[in-house]
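Student: I'd like to ask some things about the structure below.
The values are calculated or read from the model by the stated rules, or taken from the named source; none is laboratory data. For clarity, every value in this text was computed on a predicted model and none was experimentally measured. Here Cβ is always computed from backbone atoms with ideal geometry, including for glycine, and neighbour counts include all displayed protein chains.
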Amino acid sequence: MTKEQAQALAEEIGFSHNGIFDVRILRFRQEVRDMCRADKCNKYNRQWTCPPACGTLEEIREKAEEYDWGLLVQTTAYMEDQFDAETMMEAMEDQKDHFIDFLEKVREIEPEIDMLPMSSGGCSVSCPRCTYPNAPCRFPEKAYPSMEAYGLLVSDTCKKAGVEYYYGKDTITFSSCCLFHDAT
Ligand code: SF4
């Protein structure tokens, strides 16, 4: 998969914005992992894809650093006002669906591809209840940790990908990314 192919696919699928970044300039931050532990999203220690189950910062940083570049993809929605939860939820679902679609299409193009997806928020598979910690993940091939679980600050990663983190008053934006090896 080349960067150009990945960006063309992101546009075809309908993401609002996308950008390429170099994995070598990413910063994997302990302070972001510490925010996970504060558990403001109610997912810490509740899903296989979230800390601590997804691995230590050091373990998953090493995994991410095996890749060369990443594609960051975004869904931006325009809300009626800052309390427009319906639009917010729709945008979140669109981002999730488009990202799953993106990954499926990449695998159709290159069935053997080794890539590392990072979701927006927690696990992107909507199991009614996560099996953690009593039984193995139901969909290990579809479940992946979030950018935050990797210690990535989303705003910083957007900057490195050359896209905005915030698109102005009454907008909401969800971001995910996927890491790739250089095409041979
Ligand atoms: S796919 Fe289901 S079982 Fe696996 S981490 Fe996600 S919510 Fe949990």
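Student: Can you tell me how many residues in segment 98-123 are in a helix (DSSP H, G or I) and touching a Pro at 6+ places or on another chain (Cβ under 8 Å)?
Tutor: Here the count works out to 2.
Student: Out of (1) crowded, with 20+ Cβ neighbours inside 10 Å; (2) assigned to a helix (DSSP H, G or I); (3) more than 16 Å from the ligand (Cβ to nearest atom), what's the single condition that is false for Val163?
Tutor: The failed condition is (2).
Student: Here are Lys142, Lys160: which of them is of a type in the set (Lys, Arg) and modelled with pLDDT of 95 or more?
Tutor: Lys160
Student: How about segment 95-117: which of its residues are charged (D, E, K, R), surrounded by 13 or more Cβ atoms within 10 Å (Cβ to Cβ) and in contact (Cβ under 8 Å) with a residue 24 or more places away in the chain?
Tutor: Result: Lys96, Asp101, Lys105, Glu110.
Student: What number of residues in segment 50-78 are under 23 Å from Met1 (Cβ atoms) and either in contact with a helix residue (DSSP H, G or I) (Cβ under 7 Å, 6 or more places away or on another chain) or outside any strand (DSSP E or B) (or both)?
Tutor: Looking only at that region, the number is 15.
Student: Still on this structure, I have one more. Just one of Ser119, Ser146, Ser126 is within 12 Å of the ligand (Cβ to nearest atom), under 19 Å from the mean Cα position of the chain (by Cα) and farther than 20 Å from Arg37 by Cα; which is it?
Tutor: Testing whether each residue is within 12 Å of the ligand (Cβ to nearest atom), under 19 Å from the mean Cα position of the chain (by Cα) and farther than 20 Å from Arg37 by Cα leaves just Ser126.
Student: Taking segment 36-45 on its own, how many of its residues are at pLDDT 90 or above and buried (at least 17 other Cβ atoms within 10 Å of the Cβ)? If you could, list the steps in order and put the result at the bottom.
Tutor: Taking segment 36-45 as the starting set, the residues that turn out to be at pLDDT 90 or above are 44-45.
Narrowing the set further to residues that are buried (at least 17 other Cβ atoms within 10 Å of the Cβ) leaves 44.
The number of residues fulfilling the criteria is 1.
Student: So is Tyr150 buried (at least 19 other Cβ atoms within 10 Å of the Cβ), touching a helix residue (DSSP H, G or I) at 6+ places or on another chain (Cβ under 8 Å), over 16 Å from Gln7 (Cα atoms) and of a type in the set (Phe, Trp, Tyr) or not?
Tutor: Against the criterion (buried (at least 19 other Cβ atoms within 10 Å of the Cβ), touching a helix residue (DSSP H, G or I) at 6+ places or on another chain (Cβ under 8 Å), over 16 Å from Gln7 (Cα atoms) and of a type in the set (Phe, Trp, Tyr)), Tyr150 qualifies.
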